[in-house]
Each structure stands twice: as structure tokens, then as C-alpha cells.
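Notes to accompany the following structure.
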Amino acid sequence: ADRQPGPIAWLLLVLQFMVYPQVLYLLTRRLPQQRQRQVEVRNMLLDALGFGLWCSFLGLPLWITFTMYIGVSMNLLVFESFRGWVQATLCMALGIAVMQGLHPTPWQADTSLLTTGLSMFTLGLYILAFAYDAYLRATSLHRHRAQLRQQLEANHRLQTQLTELALRDPLTGLYNRRHLDETMQLQLQRCAVMGSGAAVLLLDIDHFKQINDRHGHAVGDQLLQTLAQLLLRNCRAGDTACRYGGDEFLLLLTEVTLDAALARAQQLRQDFAVQQLRVEGPSLSTTLSCGLALFPAHGTEPARLIQRADQALYQAKLHGRNAVVVFEHHLETCTDGAK
């Protein structure tokens, strides 16, 4: 209005700033999502070219030129980093140069107070809108990150639970043989480095098959769970209790002497013997037998130690059950001969 342009200039102004953006928006929405960003950047570069043409046509009024330049350069900086800022600057400069070549206009930097005020208001409104949009995006990103973090933590907990379940016997809650195979060698190596001993206790419930056949599997399961709870109550940090198979349980004691391991085994045997299982009719109780092998005296490999603990357990069964037998080398020959 300060420059008093003709009706054609007003028409072009309305077309570029009121019609053209809406048409581009509707057309861009129809494109595949992966192309929308690319088209949006191209449209903003065309805006920069158009802004340059208009500013040159009006005589480069300082506030209008500054407002348009800040708007397009900030947009492209967000989309394309400093490369976008450089492109916006070059496109707007190109528009100025083209218009000066086609329609030279003398420099008229000054604008009326009203124009300057409107330009300042427009620029301030744009920056506020831009900053508020950035705030909304940052808030949304923070919320999504928090949700993602919670989901990852939930997935981690679930993964830990699944891993734990894969290493646990579902009936007794003790570790299974898979866990024993994965950790026993490491525990023995740690004992070797520390110069301490370890013990393998292989325990078996006496007459378990007869109890299972006579009273049913539910009672047999209760009996297994009773022994499992007893083992858990007597586990120290560093010990490993697992269900080795059927009614056999294995207790790995680390940093222990033979006397201490033997005392632990005898205590377990005595404690289990006084356990009372509630069934129909009179309460049920039974005993257990235990074979004990010591690391490194009886072997340094897990399989060897378990084998010798099993041989000692066989001797405990052979000699009346309800006993703890420590492996001795002559037992290996006796057991082989019996088999």
C-alpha cells in the first residue's frame, strides 16, 4: 500500500500468499509420506525465490525484507540444517537479482510506522508460533521417549522373567540342569582362583516311587516341593540348588571344606526326616539319601564331580538309605562292579 501498486500486483500478492500455499498443502497431502518432506523443502525454496522477487519489486523495504528472510531461512534451517539456510539465502538473493534485472527498482529501505509495526508484529507472531510448535514437538518427544523407556524397561523385565523361567524348574522353583550346566564350571573356576573348595551334594528322596504310586502324583509333587523349600532355606549366597531330575536334587556349595559340607548334608538329612506331609489319613514322612563329592579332591570337572557324587549316593542307597556318604576312590570300583 505504501508503494501504491496496481491491481495486477495486488492479485499476484493474494495468489502467492493466500491461494498458492493452500493449493500446495492439499496437493502435498496426496503424495506418499516418504515424498512429502522432499516436496515441502522444494516449496519453501520457491517461497524464498518469490520473497526475493517481491522485496526487490517493492524496493527492498528493510522490515518487510527482514521478516520474509527470517521466516523462510528458519523454516529451511529446521528441515535441512545449515545447508537449508544457505539455500534459502541463495534463492531469495536470486529472486532479488532477477527482479532487478527485469524491473529495476531504486532502494527504498524506509517504511511507514504502520508498515514497520505490522512487520514487527508479524515477525513476532511467527517466532512465537514457531517456538510454541517446537515446544509441542519437544514435549511430545519427551513423552514418547518416556513411554518408550517404560516399554523397554517392561520388555527387559519380561525378558528377565522369561530367562529366569527358562532356567527354573516349574514345579519346585529351583534351578534346572540347564542353569547348572551354564554356571557350574564358572563357579568351580572361581573357587580354583580363590584357592577354596566346593562340594557337590546329590540328594534323592528315599522310597519316592512307592510313595508316588501309593498316594498319587499330587502327593509326590508336594514331597518334591517340601525338599525344594528346605534346600532354598539352607542356601547361602553363592550356593546353587537345582532339581537334577525326577526326585534327585543337586546342591552346589562353594567356598566350603569337607567337614562343613558334610555337616550341611547331615543337617539337611535330619531336617527332612522330621518334615510332616499332610495327606488323607496319617501324616506322611520319609527320608533322603545324599552322596557328596569335593572339589578339587574328587575331581575338577563338573561332570566328574557329579558322577562321583552319584556313586556316593548309590552307596548310601545300597547301605540302607537315610545316610550321607562321601565319595572315596574305592567306591568307583565297587559301583562299576555292581552295575
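The values are calculated or read from the model by the stated rules, or taken from the named source; none is laboratory data. Because the structure is a prediction, the values reported are computed rather than measured. All Cβ positions, even for glycine, are placed from backbone atoms using ideal geometry, and neighbour counts span all protein chains on display. For the accessible areas, the whole protein counts, side chains as well, though only heavy atoms, and no ligand, DNA or RNA atoms are used. Shrake-Rupley method; radii C 1.70, N 1.55, O 1.52, S 1.80 Å.
Quick one: what pairs do we get from region 175-201, first residue acidic (Asp, Glu), second open to solvent by less than 90 Å² (accessible area, probe 1.4 Å) and modelled with pLDDT under 90, C-beta under 9 Å, 6+ apart or different chains?
Pairs found: Glu182/Leu167.
Among Arg37, Arg42, which is farther than 27 Å from Leu102 by Cα and under 53 Å from the mean Cα position of the chain (by Cα)?
Numbers: Arg42 fails: farther than 27 Å from Leu102 by Cα.
Of Arg37, Arg42, the one residue that is farther than 27 Å from Leu102 by Cα and under 53 Å from the mean Cα position of the chain (by Cα) is Arg37.
Could you please find all residues in region 146-195 being part of a helix (DSSP H, G or I), of a type in the set (Asp, Glu) and farther than 17 Å from Leu305 by Cβ? Steps first, answer last, please.
Initial filter on region 146-195 (part of a helix (DSSP H, G or I)): 146-166, 177-194.
In the following step, the residues that additionally are of a type in the set (Asp, Glu) were identified as 153, 164, 181-182.
Result: Glu153, Glu164.
Determine whether region 52-64 contains at least one residue that is open to solvent by less than 70 Å² (accessible area, probe 1.4 Å), under 23 Å from Ala134 (Cβ atoms) and touching a residue at least 12 places away in the same chain (Cβ under 8 Å).
no
Can we say Met120 is of a type in the set (A, V, I, L, M), closer than 30 Å to Ala237 by Cα and assigned to a helix (DSSP H, G or I)? Reasoning before the result, please.
Values: of a type in the set (A, V, I, L, M): yes; closer than 30 Å to Ala237 by Cα: no; assigned to a helix (DSSP H, G or I): yes.
Criteria not met by Met120.
If Leu60 satisfies every condition in (1) among the aliphatic types (A, V, I, L, M); (2) in a helix (DSSP H, G or I); (3) at pLDDT 90 or above but one, which is the exception?
Here Leu60 meets the rest and fails (2).
Quick check on region 248-274: of everything there that is in a loop (DSSP other than H, G, I, E, B) and in contact (Cβ under 8 Å) with a residue 24 or more places away in the chain, which residue is surrounded by the most Cβ atoms within 10 Å (Cβ to Cβ)?
So, considering only residues that are in a loop (DSSP other than H, G, I, E, B) and in contact (Cβ under 8 Å) with a residue 24 or more places away in the chain, the one surrounded by the most Cβ atoms within 10 Å (Cβ to Cβ) is Val256.
State all residues of region 121-146 that are open to solvent by 100 Å² or more (accessible area, probe 1.4 Å) and either farther than 18 Å from Asn75 by Cα or within 33 Å of the chain's Cα centre (by Cα) (or both); if no residue qualifies, say none.
Hits for region 121-146 are Phe121, Tyr132, Tyr135, Arg137, His142, Arg143, Arg145.
As an exercise: evaluate Leu113 against (1) closer than 30 Å to Arg42 by Cα; (2) surrounded by fewer than 10 Cβ atoms within 10 Å (Cβ to Cβ) and give the number of the one condition it does not meet.
(1)
Could you tell me how many of the residues in region 275-294 are part of a loop (DSSP other than H, G, I, E, B) and of a type in the set (A, V, I, L, M, F, W, C)?
Residues meeting the conditions: 1.
Can you name the residue in region 69-88 that is aliphatic (A, V, I, L, M) and either open to solvent by 40 Å² or more (accessible area, probe 1.4 Å) or not in a helix (DSSP H, G or I) (or both) and is also modelled with the highest pLDDT among such residues? Can you show your working first?
The first filter runs over region 69-88 and keeps only residues aliphatic (A, V, I, L, M), leaving 70, 72, 74, 76-78, 86, 88.
Filter once more, so that each one left must be either open to solvent by 40 Å² or more (accessible area, probe 1.4 Å) or not in a helix (DSSP H, G or I) (or both): 74, 77-78, 86.
Numbers: Met74: 92, Leu77: 92, Val78: 89, Val86: 95.
Among those that are aliphatic (A, V, I, L, M) and either open to solvent by 40 Å² or more (accessible area, probe 1.4 Å) or not in a helix (DSSP H, G or I) (or both), it is Val86.
Residue under question is Val14, and the condition is that it be within 19 Å of Thr89 (Cα to Cα) and open to solvent by less than 90 Å² (accessible area, probe 1.4 Å); does it hold?
So Val14 fails the test.
Only residues that are touching a Leu at 6+ places or on another chain (Cβ under 8 Å) and either closer than 28 Å to Glu301 by Cβ or of a type in the set (Gly, Ala, Ser) (or both): list them for region 154-181, please.
Answer for region 154-181, where residues must be touching a Leu at 6+ places or on another chain (Cβ under 8 Å) and either closer than 28 Å to Glu301 by Cβ or of a type in the set (Gly, Ala, Ser) (or both): Arg168, Thr172, Gly173, Leu174, Tyr175, Asn176, Arg178, His179, Leu180.
I'm trying to understand the selection: among the residues of region 243-289, which are under 17 Å from Asp221 (Cβ atoms) and within 40 Å of the chain's Cα centre (by Cα)?
Arg243, Tyr244, Gly245, Gly246, Asp247, Glu248, Phe249 - these are the residues of region 243-289 that are under 17 Å from Asp221 (Cβ atoms) and within 40 Å of the chain's Cα centre (by Cα).
Restricting region 228-247 to residues that are open to solvent by less than 40 Å² (accessible area, probe 1.4 Å) and part of a helix (DSSP H, G or I), which is nearest to Glu301 (Cα to Cα)?
Of everything passing the filter in region 228-247, Leu231 is nearest to Glu301 (Cα to Cα).
I need the full set of residues from region 210-227 which are open to solvent by 20 Å² or more (accessible area, probe 1.4 Å) and part of a helix (DSSP H, G or I), in order please. Working first, answer last.
Residues of region 210-227 open to solvent by 20 Å² or more (accessible area, probe 1.4 Å): 210, 212-218, 221-222, 225-226.
Scanning region 210-227 gives Gln210, Asn212, Asp213, Arg214, His215, His217, Ala218, Asp221, Gln222, Gln225, Thr226.
Testing Cys191 on (1) surrounded by 10 or more Cβ atoms within 10 Å (Cβ to Cβ); (2) of a type outside the set (D, E, K, R); (3) out of contact with any Phe, Trp or Tyr (no Cβ under 6 Å at 6 or more places or on another chain); (4) over 16 Å from Leu251 (Cα atoms), one condition comes back false. Which one is that?
(4)
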